[in-house]
Each structure stands twice: as C-alpha cells, then as structure tokens.
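K.L.:
After the structure tokens below, expect a handful of questions from me.
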Amino acid sequence: MTKLTLRGFVIHKGLLDLPAQHALVKAVRGVVRSAPLFRPDTPQGKQMSVRMTAAGKYGWYSDRAGYRYVSNHPNGASWPAIPSQILEIWDQVTGLDRQPECCLINYYVPDARMGMHQDKDEADFQWPVLSVSLGDDALFRIGNVTRGGKTESVWLQSGDVVVMGGEARLAYHGVDRLRAGSSRLLPKGGRVNLTLRVVE
C-alpha cells in the first residue's frame with residue numbers, strides 16, 4: 001500500500017486487499033437487495049449514466065427539483081444501514097469519532113462516466129468525503145475549487161481509497177472513463193464506487 005497526495009486528495013493505493021474487496025462486494029450486494037439500484041435524472045432532465053443506491057440515514061437523489069439527500073429510497077423504503085465493513089474503512093482512514101450518515105453506491109458500466117462536480121449538498125464541509133473503488137480501473141480527474149482551469153488525472157484501481165478533505169473538500173472531480181476488463185472482482189465487469197459522507 002502506498003499513499004500519494006494530489007491537489008489535496010489523499011489517495012491510499014491498494015489499501016484493501018482482495019479478500020477485503022470481496023467482503024465489501026458481498027456487503028454491497030446485501031444493500032442492493034434491500035435498496036435496488038436506480039438511475040436518477042439531472043435537474044436538466046438528462047438521465048445519468050451511472051446507477052446508484054445508498055445505505056445509512058440518508059441517500060443522495062437527483063431529479064428536476066435538484067440535487068439533495070433524502071430519507072427514503074425511490075420505492076418508499078428506508079435506506080438499509082451502512083455495513084460495518086464499510087464503516088471500518090472510514091474509522092481506519094479518517095480517525096474521526098463522527099460517523100458518516102450516507103454511503104452512496106454508484107455502479108458504472110464500462111461506458112459510464114461522471115462529469116466534473118463538487119460534493120456540496122452536505123451541511124458542514126469540515127468533514128471529509130471518503131471514496132472506495134471496487135472493480136475496473138477508473139480515470140479520476142481532479143480540478144479546482146472553481147469550475148474550469150487545468151486538471152490532473154490519476155487511475156484508481158480496485159481497493160484504492162481516496163479522502164477528499166481540507167483544501168480538496170470542494171474541489172471539482174469526476175470520472176472520465178473506465179478501463180474495461182481490468183479487474184475480475186465483479187463477475188459482470190464495471191466498477192462500484194462507495195462514497196461516505198457526513199450529511200448533517
């Protein structure tokens with residue numbers, strides 16, 4: 001495991017070994033059974049290319065009314081609890097007593113991407129956002145705290161964990177593309193990204 005810092009993003013390369021990755025995939029499948037993946041619309045009415053769900057007190061949601069956290073899955077059910085294996089990563093990497101209230105789960109098929117965006121729907125930006133990569137490699141682009149300007153990119157592999165805090169907390173970031181078939185972790189390919197957030 002190595003740790004590198006890029007524009008304030010702390011990237012723990014290879015933090016999770018293969019058994020830990022498989023355990024996380026099993027935990028995520030349990031969440032998806034209770035809260036099935038769905039594909040939200042942007043406020044502009046365009047359907048996102050990723051499918052998502054969540055665990056915790058809140059889930060993240062988007063439609064023509066805007067981006068926001070909600071207490072229930074679109075089917076009306078409460079979100080399942082965040083699995084302990086995921087919370088253990090938060091504890092290990094952040095060392096914080098405060099626990100996240102949302103674990104957003106994004107599933108990328110090989111041609112999915114995530115445009116440059118800020119994570120700014122939370123109440124208090126002093127808390128970091130933690131991101132876990134599972135499955136195929138993703139080209140992660142890091143920008144600035146304002147839109148535009150020069151960016152830098154890094155490939156994230158399965159088992160990598162990224163902490164966005166401090167100067168990086170409101171930096172623009174996104175996923176340009178996947179390297180399809182680069183991992184055998186997920187039987188159908190693609191990538192799962194977990195992001196842990198303190199919402200309140």
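K.L.:
If you average 1/r across every pair of different Cα atoms in the stretch 2-197 and take the reciprocal, what Kirkwood value do you get, in Å?
P.N.:
Mean inverse Cα-Cα distance, inverted, gives 16.8 Å.
K.L.:
Within the stretch 1-97, how many lysine pairs that are 8 or more places apart, or on different chains, have C-alpha atoms less than 27 Å apart?
P.N.:
Values: K3/K13; K3/K26; K13/K26; K26/K57; K46/K57.
Going through the stretch 1-97 pair by pair, I get 5.
K.L.:
Hey, fewest Cβ within 10 Å first, where do D160, D41, D136, D111 land in order?
P.N.:
The most exposed by this proxy come first: D111, D41, D160, D136.
K.L.:
I would also like to ask the following. Residue by residue through the stretch 186-200, what is 3J(HN,Hα) from phi via Karplus (6.51 cos²θ - 1.76 cosθ + 1.60, θ = phi - 60°)? Round to whole Hz and write x for glycine and proline.
P.N.:
Taking θ as phi minus 60°, the curve returns 9, x, 9, x, x, 9, 10, 10, 9, 10, 9, 9, 8, 8, 7 Hz for the stretch 186-200.
K.L.:
Over the stretch 41-200, what is the relative contact order in percent, taking alpha-carbon pairs closer than 8 angstrom and at least six residues apart? Mind showing how you got there, number by number?
P.N.:
Working: 371 pairs, mean separation 44.2, N = 160.
28 percent.
K.L.:
Which value does Rg/Rh take for the stretch 72-169 over its C-alpha atoms, Rh per Kirkwood?
P.N.:
Numbers: Rg = 14.8 Å, Rh = 15.5 Å.
Here the Rg-to-Rh quotient is 0.96.
K.L.:
What whole-number distance in Å separates the alpha-carbon centres of the stretch 158-200 and the stretch 66-119?
P.N.:
Distance between centres, Cα-based: 11 Å.
K.L.:
Once you have the Kirkwood Rh of the stretch 1-52 from its Cα pairs, apply Stokes-Einstein at 25 °C and 0.890 mPa s and quote D in µm²/s.
P.N.:
Rounded, D is 174 µm²/s.
K.L.:
Still on this model: If each residue's Cβ is checked for other Cβ atoms within 10 Å, how do M48, M1 rank with the fewest at the top?
P.N.:
By the 10 Å Cβ count, ascending, the order reads M1, M48.
K.L.:
Right, next: Return the equivalent ellipsoid semi-axes of the stretch 31-77 as a descending list in whole Å, where each equals the square root of 5 times an eigenvalue of the C-alpha gyration tensor.
P.N.:
On the way: eigenvalues 66, 29, 12 Å².
Ellipsoid half-lengths, sorted descending, are 18, 12, 8 Å.
K.L.:
Report the relative contact order of the stretch 1-121, percent, no decimals, based on alpha-carbon pairs under 8 angstrom and at least 6 residues apart. Write out the running numbers ahead of the final one.
P.N.:
Details: 170 pairs, mean separation 27.3, N = 121.
It comes to 23 percent, rounded to a whole number.
K.L.:
Shifting gears a bit: If the cut-off is 14 Å between C-alpha atoms, which aspartates and glutamates fall inside it for K150, apart from same-chain ones fewer than 8 positions away?
P.N.:
none
Since every read-out is calculated from the coordinates, none of them should be taken as a lab result. Predicted model only: the values in this text are computed from it and were never measured. Cβ coordinates were reconstructed from backbone atoms using ideal geometry, including for glycine residues, and neighbour counts include every protein chain displayed.
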